[in-house]
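Working notes, beginning with the structure itself.
The values are calculated or read from the model by the stated rules, or taken from the named source; none is laboratory data. Just so it is clear, the structure is predicted and the values come from calculations on it, not from any experiment. We place every Cβ from the backbone using ideal geometry, glycine too, and count neighbours over all the protein chains shown.
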Amino acid sequence: MKKNILVVDDSALMRRVMCDIIDSDSNFQVVDTCRDGLEAYEKLKKNKYDGVILDVNMPRMGGLELLEKVKADRIRTNIIIVSTVAKRESEITIKALELGAIDFVEKPSNIIEAKGEDFKRRLLGILSHALKTTSRSSSITRDRIKNTTRESTSQITSRRTEKVPDRLAPTEATTIPREKIRPAKTANKILVAIACSTGGPKALQKVVPFIPSNLNAPVVIVQHMPKGFTGSLADRLNDISKVSVKEAENGEVLKKGVVYIAPGGKHLEIKKVADSTHKISFNDMPAIGGLKPCANVMYDSLITSGYDKIVCVVLTGMGADGTKGITALASKKPIYVISQNEATCVVYGMPRAIALTGLVDEVLPLENVAGSITKNVGVK
């Protein structure tokens, strides 16, 4: 059965283009269109839609006001924001994600781009992933994940050749790792490395503001977002957090108690320098599986770092980014792995993938993640 979609945009031409794109996929059909949030609000009160494509800046009622009303009225639907990378709209997009939008797609700057294959691929891809989040089709149970965590090294080693069944297999690292080096009892140099995707901006607001300003480690975050949006995300988190939060800069030295967000459009690596400090280094190689930044690149770079312990945190997101990198890191460095639980994820993809490896030390609801990070890192 096709999913019913509502398209909301003040441009008649943009509405037509998006309708054509959505209707070209046999999984979807546009059943209604609106030119502003007020029209959309009236329709949402009367009708049920599987998904909503929502513009940000519109006359009479914009995207933010509509999201606030949807939230207040407890209207259940999946809303995807269509936004430009202009500074003001990127800030509004971050706010929209806080209010309940589950993802966003960049709006093309002209009609030629809007009719191009790249925008079509991105819009249909995000729509497909977003609507899958309501089905909870994952066949893995919480009990199975619980049983795969906190295993001893000998248990993991004895299962090192076991294959994950195809129906449960993540897209990466489908074999159980050979072993895991346990965290050192005393660690002088610690790093926190966080990976997240769909639902991440909102999830980070339940984690970063609860990290103490004197955390005894730097925090590096790879959040899947395009260029132009990660700076607004960093600014927003900095406004509401005790720790300093910033968009990472190439070549800057990592400092304890500072949170660095990888810029959209750049892979982020951590490099050890001659004085035993660590700096951020950008890698401009092509996107990996459509991702740039990619969390696997960050985790791979930590294999040669000088950190005594790395706390790896995997939050909500589709796919399996981070799993391959953490698996490789686990055989070389003492790590502690925290995974967000299914109940609090917007998309239980990345946390599920890392949980299946048996490397996870704790599966936690989102509100407990910051406390676990602080417990494992300490304060200075």
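Of note:
- Within this structure, I102 passes the test of being of a type in the set (A, V, I, L, M, F, W, C), crowded, with 19+ Cβ neighbours inside 10 Å and not assigned by TED's automatic domain parsing to the domain that holds T230.
- Inspection of segment 186-205 identifies no residue that is surrounded by fewer than 17 Cβ atoms within 10 Å (Cβ to Cβ) and among the basic types (K, R).
- Selection status of I303, buried (at least 24 other Cβ atoms within 10 Å of the Cβ) and either assigned to a helix (DSSP H, G or I) or outside the structural domain of A193 (by TED's automatic domain parsing) (or both): no
- Considering segment 215-244, and only residues there that are among the aliphatic types (A, V, I, L, M), under 17 Å from the mean Cα position of the chain (by Cα) and not in a loop (DSSP other than H, G, I, E, B), the residue that is nearest to T374 (Cα to Cα) turns out to be V219.
- Subset of segment 22-36 that is within 25 Å of the chain's Cα centre (by Cα) and surrounded by 15 or more Cβ atoms within 10 Å (Cβ to Cβ) - its residue that is farthest from K132 (Cα to Cα): I22
- Restricting segment 328-380 to residues that are among the acidic types (D, E) and outside any helix (DSSP H, G or I) leaves a set whose member that is nearest to G100 (Cα to Cα) is E362.
- Among the candidates N283, N341, N250, residue that is farther than 24 Å from F210 by Cα and modelled with pLDDT of 95 or more: N250
- Each residue in segment 251-292 was checked for being part of a strand (DSSP E or B) and of a type outside the set (G, A, S), and 18 of them qualify.
- Criterion applied to L54, L13 was being closer than 20 Å to D118 by Cα, among the aliphatic types (A, V, I, L, M) and surrounded by fewer than 16 Cβ atoms within 10 Å (Cβ to Cβ), and the one residue passing it is L13.
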